[in-house]
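Quick note: the coordinates plus some simple rules give every number you see, no bench work behind them. This structure is a prediction, so every number in the text was calculated from the model and none was measured. Every residue, glycine among them, receives a Cβ derived from its backbone with ideal geometry; neighbour counts consider all protein chains shown.
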Amino acid sequence: MKKNNIKILILAGVRPNFIKIAPLLEEIKKHRQIKQVLVHTGQHYDFKMSQVFFEDLNIPRPNYNLGVGSGSHAYQIGEALIKLEKVVLKEKPNLIIIVGDANSCLVGSLVATKLYLPVAHVEAGLRSFNRKMPEEINRLLTDHLSDYLFVHDPAAVENLLREGIERKKIFFVGNIMIDSLEGAKKKIKNLKFYKKFGLKEKEYALLTLHRQENVDDKEIFQGIITAIEKIQKRIKVIYPLHVRTEKRIKEFGFWTRVKNMKNLIITPPLSYLKTLSLMAGSRFVMTDSGGVQEETTILNVPCLTLRQETERPITVKVGTNKVVGTKEKDIIREALKVLNGKIKKGKTPKYWDGKTARRIISIILEKHGKQ
Ligand code: UD1
């Protein structure tokens, strides 16, 4: 390989990862000195959880699919570690890029560090301070193993410095998810996917719910369902059902209750563009997703976060997000406020401008050139 050439391994495993790697892959295409190796851990494998995102986002077929699939966290992480190490030893990349906070993140950072390879973490520094969230553990460990910490929320910089991470490793580059969103804006405007369900713009709410600490806890989940039961009497609610959540609804015996809600429309998991189209057309969104809190800020749609805390405080400080918790009465009260016109107006946070991938790749190339 020529002196300035660089081989980068990019690792992804779950839905939100795919949204974050797409702009990086697009940017890499512009640089002939970069050779990429794309690895999918296979944590998400159903067509609707994986392939459909590759199609919407024009992501090429991965060079490797580790085929890890479902299981406990120890299983998913352990299996992926062993398989990824083999790929890395064969491919010999100069750098591994990981995104987000799912298990793939921890896997990528551990394999790289153990093989003395540099790691770049995109979406570093986020902290919910809730160690019951598996993602929080991934974030903490990954950040402490990473060499490049690419951040998009000023609070993330503070978190990293407080934990003793050197300032020279931290780069405020903006939000990679918004690169994908900017690319999709025109398509979602034309799609008007809500029409497929007989819905009218701004006359429905969108619900997304999948967090382990919400849907795996029967009591918390029950409270949220009771709130939705009441809210759907005031406004139609559309709910693309995550595979984890569907399992729990059935296990906990909530299925009949959910089916009996006349104004609740349930769909299977939806593609990236269809979900964004529903989001953009909605009056407000109720969610426990991280990415949705950010996307609603850019789409200027009020967002009620059904969690006790957020690791993305900028969406509350600057954007349209409000953290309302998971208690029935709190969710209903906040939804009614929005329905009564009490809407939080948001602004665009710094560097959420669609140019984050460009900034990331340019920093990586500059640093690599100096090695
Ligand atoms: C994972 C991530 C989470 C991310 C979410 C996005 C971790 C720790 N969690 O959670 O951070 O927000 O993805 O969706 O990495 N299943 C299928 N088909 C699939 C994939 C999963 O049916 O293609 C089912 C399996 O029964 C599995 C369950 O969904 O047990 C949960 O999947 P899993 O990958 O363990 O975690 P997610 O809840 O999706």
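Annotations
- Residue in the range 205-216 that is surrounded by fewer than 22 Cβ atoms within 10 Å (Cβ to Cβ) and part of a loop (DSSP other than H, G, I, E, B) present: yes
- For the range 29-47, the set of residues classified as free of Cβ contacts under 8 Å to residues at least 24 places away in the same chain and within 16 Å of the ligand (Cβ to nearest atom) consists of PHE47 only.
- Some residue of the range 44-57 being aliphatic (A, V, I, L, M) and part of a helix (DSSP H, G or I): yes
- Restricting attention to the range 65-83, the residues that are more than 22 Å from the chain's Cα centre (by Cα) and crowded, with 16+ Cβ neighbours inside 10 Å total 2.
- Residues satisfying the stated conditions in the range 86-99, i.e. surrounded by 14 or more Cβ atoms within 10 Å (Cβ to Cβ), within 17 Å of PRO62 (Cβ to Cβ) and not hydrophobic (A, V, I, L, M, F, W, C): GLU91, PRO93
- Residue match in the range 119-126 (condition: assigned to a loop (DSSP other than H, G, I, E, B) and over 25 Å from GLY319 (Cβ atoms)): no
- When the range 241-293 is filtered for residues that are within 11 Å of the ligand (Cβ to nearest atom), touching a Leu at 6+ places or on another chain (Cβ under 6 Å) and either over 30 Å from ASN58 (Cβ atoms) or not in a helix (DSSP H, G or I) (or both), only ASP288 remains.
- Scanning the range 145-185 for residues that are crowded, with 24+ Cβ neighbours inside 10 Å, part of a loop (DSSP other than H, G, I, E, B) and without any contact (Cβ under 8 Å) to a residue 60 or more places away in the chain yields a single hit, SER146.
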